[in-house]
Amino acid sequence: MKIIRRQIIGVIFGCMLIAGVLLSKNFFIKNNVVSSISPALNASQEFLVTRVIDGDTIEIETGEKVRYIGMDTPETVDPRKPVQCFGEEASAKNKELVLNKKVKLVKDVSETDKYGRLLRFVYLEDGTLVNLELVKEGFAQVMTIPPDVAHSDDFVKAAKEAREAKRGLWGACQ
């Protein structure tokens, strides 16, 4: 009798566990951050850049802000900080590269950052990876934040070359 009771309790517990997993999975799918983002934004699509906020952040035609993955430029718009060395130049270069142009946005792992900005690799129509180009030319330094680590080796290599050649901020801000 005790064995049967244990088996029944085991089956009930197993069913409850499976039901809990299924319910929580459905909860997370329905309440995922992705659902609050424009359904038009898939893993890789083209969009018009309508505004350049600074050297590493843009706004696209949907009104959403996009933060470049894998790199960081000196600050120009943070009200808590003064404009940093080479920040204006980085912002100007970003404008030159992407403003009023169609870009392809490619997601790595994370959808958004803590500020709600989309996290993306940004490609020009000719295939240039803007994130990497800004690092290569010395307008940005590497900033790798796991789990978004695709291209990180390329960024590190490009930053080393820019630093050694004293390009951009590596020559102006040292």
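What follows draws every value from the coordinates through simple rules; no lab data is involved. Source: prediction; values computed, not measured. Cβ sites come from the backbone with ideal geometry, for glycine too, and all protein chains shown count toward neighbours.
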* Asked: Which semi-axis lengths, in whole Å and largest first, follow from the square roots of five times the eigenvalues of the Cα gyration tensor of the range 40-172?
  -> 22, 17, 14
* How would you order 139-151, 48-60 from highest to lowest mean count of nearby Cβ atoms within 10 Å? -> 48-60, 139-151
* Asked: Which order, highest average first, do 98-105, 75-82, 127-134 follow once you tally other Cβ atoms within 10 Å for each residue and take the mean per peptide?
  -> 127-134, 98-105, 75-82
* To do: Find how much the distance from MET143 to GLU96 grows on full extension, using 0.36 nm per residue of separation minus their present alpha carbon separation; answer in nm with one decimal.
  => 14.7 nm
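Please give the contour-minus-distance gain from ARG163 to LEU48: 0.36 nm per residue of separation, less the Cα-Cα distance, rounded to one decimal in nm.
Details: separation 115, 0.36 × 115 = 41.40 nm, distance 3.18 nm.
Going from the current span to full extension adds 38.2 nm.
Just subtract the alpha-carbon distance of GLU125 and ASP78 from 0.36 nm times their residue separation and send over the number in nm, one decimal. Don't skip to the answer; put the middle values down first.
Values: separation 47, 0.36 × 47 = 16.92 nm, distance 3.01 nm.
Going from the current span to full extension adds 13.9 nm.
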